[in-house]
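What follows is one structure encoded as structure tokens, with my remarks underneath.
The values are calculated or read from the model by the stated rules, or taken from the named source; none is laboratory data. All of these numbers come straight from a predicted model, not from anything done at the bench. For neighbour counting, all protein chains shown are included, and Cβ atoms are generated from backbone atoms with ideal geometry for every residue, glycine included. Note: areas computed on protein heavy atoms with side chains; ligands, DNA, RNA excluded. Shrake-Rupley method; radii C 1.70, N 1.55, O 1.52, S 1.80 Å.
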Amino acid sequence: MAAPSMDNFGMAAAQADLTEWLIRQGLEDTTVEIWLEALCNRMVAAGLPLQRVNLSLRAHHPEIGAVAFRWHRDAGSERFDYQRASSAPDEYLRSPLYYLITNPISELRQKLDDPEPALDFPVFDDFRAQGSTEYFAAKRHFLSNNHDTATNPEAVAEGMTVSMTTDAPGGFTDPQLECLRALLAPLCLTLKSGANRLMAEHITAAYLGHDASKRVLSGAIRRGTSETMSAVIWYFDLQGFTRLSETLPGETIIGLLNDYFAEAVEVVEEKGGNVLKFMGDGMLAVFDLAALPDARRVAVEAAVELRGRIHEMNAARAKADLPVTGFTLGLHAGDVLYGNIGGKTRLDFTVIGPAVNTTARILGMCSAVDQTIVLSSAVARPILKDRPDLVSLGQYRLRGVTERQELFTLD
């Protein structure tokens, strides 16, 4: 066997150093944007003539289908979130990565200065305009050693694709490419470590809410643990849902729920509130007074904005011949217990306490007082001077609530 050249020795040493460094980034949970830029700069310093690197993987998120991290030698690193869609954009369908994913190959290599390239894609013209001389891409599955497998683009296997360009004369040398190939395994491991954390954040945020997600991922997972929170409680409910569910097809009902909940969730989160749970056609949210000292004002503003958005959406749905409905909303302020409640193997991170029960009773009063939005005096009284549109409805005895409650609505 011939002795390796100095280039081979140099690449072997660089590979060992880069592998150790990459694994350390995964152990330290460094964010991808940070370690990718540092890695690419280290690779260039080690003699790998990289011009551009793109890493992509699927996302476990209800709205985001894939995430890509891109580095360019002259521009640093960026992150791109690709929204889920019923069909892939034409640009992607005509890309080398789509070709790589859907064919039984594990990598793709093409000299960009070849006058008669074996493979050519529209994006290659952009790379040539940037002075690129070679393109290299590879795919790696996280749960399989058979990286040659063709993948259904609608159900991409867990793994990553990586593409690289160089502007070095003649492209990548064989030792350089061997070093890049050897780095794919530690690259996958580090990316998977970050991807698992990202997946946990996406899934818990989608199903628990952003605040509860942060608490759970920070270790607040013990059953029965809770803390007292002073909050404005927001109880939202759709009107006439039982009648609608008995007369409309299931798919139409799901679409209706998604449309109305989407507006309610967006308004709450834009105003700094936290959506805790959905209960059939209802939604529970809180505005933490510790995080938002003016949470009463903010929660009332959110209610007004939601009323306007629902009105606009109903007009658009009616024009499209889609079923429409209204909503009711109860607001109250008080102390709640916020934490883990449930069985040994199934927990709910939510709020409980008399203030939550009172909010539910206030919501139930909407039909009795013929109002869409009803607030307790605990929300309305402190902000009456700033909200002249708050109107008292009088005092009422609420079922299960000891003291009479003065209720308000928005004019």
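Based solely on its DSSP helices, what 222 nm [θ] is calculated for the chain when runs of n ≥ 4 H residues each add -39,500 (n - 2.57) and the sum is averaged over all residues, nearest 500 deg cm²/dmol?
Only helices count here, giving -13000 deg cm²/dmol.
With the cut-off at 1.5 for a/c, could you classify region 315-411 from its C-alpha gyration tensor as rounded, prolate or oblate?
oblate
What are the ³J(HN,Hα) values, in whole Hz, obtained from phi via the Karplus relation 6.51 cos²θ - 1.76 cosθ + 1.60 with θ = phi - 60°, for each residue of region 314-327 in sequence order, with x given for Gly and Pro?
Result, ordered by residue: 5, 5, 5, 5, 5, 5, 8, 6, 9, x, 10, 8, x, 8 Hz.
Show the residues, 5+ positions off or on another chain, whose built amide H is closer than 5 Å to the amide H of Asn103.
Here the answer is Thr151, since their amide H atoms fall under 5 Å of that of Asn103.
Within the set of other residues whose C-beta is less than 13 Å from the C-beta of Arg404, count the net charge using Lys and Arg as +1 and Asp and Glu as -1.
Cβ neighbours under 13 Å give a net charge of +1.
Counting only residues 5 or more places away or on other chains, whose amide H sits under 5 Å from the amide H of Thr166 once H atoms are built in the peptide plane?
So Thr166 has HN proximity to Gln51, Thr133, Glu134.
For a protection proxy built on the mean count of beta-carbon atoms within 10 angstrom, sort 328-336, 287-295 highest first, please.
The most tightly packed comes first, giving 328-336, 287-295.
State the answer as a single residue: which of Ala264, His311, Thr247 lies farthest towards the positive end of the charge dipole of region 191-321, with beta carbon charges of +1 for Lys and Arg and -1 for Asp and Glu, about the Cα centre.
With unit charges placed on the Cβ atoms, the residue in question is Ala264.
Anything over 24 Å Cα to Cα? Flag those among Lys192/Lys271; Lys277/Lys344; Lys214/Lys385, in the order listed.
Lys192/Lys271; Lys214/Lys385
Roughly speaking, what is the centre-to-centre gap between region 88-152 and region 29-68 when only Cα atoms are used, to the nearest Å?
Computed from Cα coordinates, the inter-centre distance equals 17 Å.
Check Asp348: other-chain or 5+ apart residues with amide H under 5 Å from its amide H, H built from backbone geometry?
Ile341, Gly342
Stretch Ala129-Ile23 to full length: gain in nm at 0.36 nm per residue minus the Cα-Cα span?
Answer, rounded to one decimal: 34.6 nm.
Calculate, in whole percent, how much of the Cα-Cα pair population of region 222-324 lies beyond 17 Å.
Value for region 222-324 (Cα pairs over 17 Å): 57 percent.
In region 286-350, what is the volume of the convex hull around the alpha carbon atoms, normalised per residue and reported in Å³?
Normalising the Cα hull of region 286-350 by residue number yields 138 Å³.
Hey, any idea what % of the chain's accessible area is carbon plus sulfur with a 1.4 Å probe?
It is 52 percent, rounded to a whole number.
Region 187-209 to region 308-361: how many Å between their Cα centroids?
Distance between centres, Cα-based: 27 Å.
Largest first and in whole Å, what are the equivalent-ellipsoid semi-axes of region 41-104 based on the Cα gyration tensor, each being the root of 5 times an eigenvalue?
Calculated on Cα positions only, the semi-axes equal 26, 15, 10 Å.
Cα to Cα, under 25 Å, and not fewer than 8 places away if on the same chain: which lysines meet these conditions relative to Lys111?
Lys139
Enumerate the calculated ³J(HN,Hα) couplings along region 188-195 in order (Karplus 6.51 cos²θ - 1.76 cosθ + 1.60, θ = phi - 60°), each rounded to whole Hz, writing x wherever the residue is Gly or Pro.
Those phi angles translate into 4, 4, 5, 5, 5, 4, x, 5 Hz.
Any idea what the relative contact order of the chain is, in percent, if you count C-alpha pairs under 8 Å spaced at least 6 apart?
This gives 12 percent for the chain.
Identify, among Gln83, Leu329, Leu398, the residue whose Cα sits farthest towards the positive end of the charge dipole of the chain, taking +1 on the Cβ of Lys and Arg and -1 on the Cβ of Asp and Glu, with the dipole about the Cα centre.
Most positive-ward Cα: Leu398.
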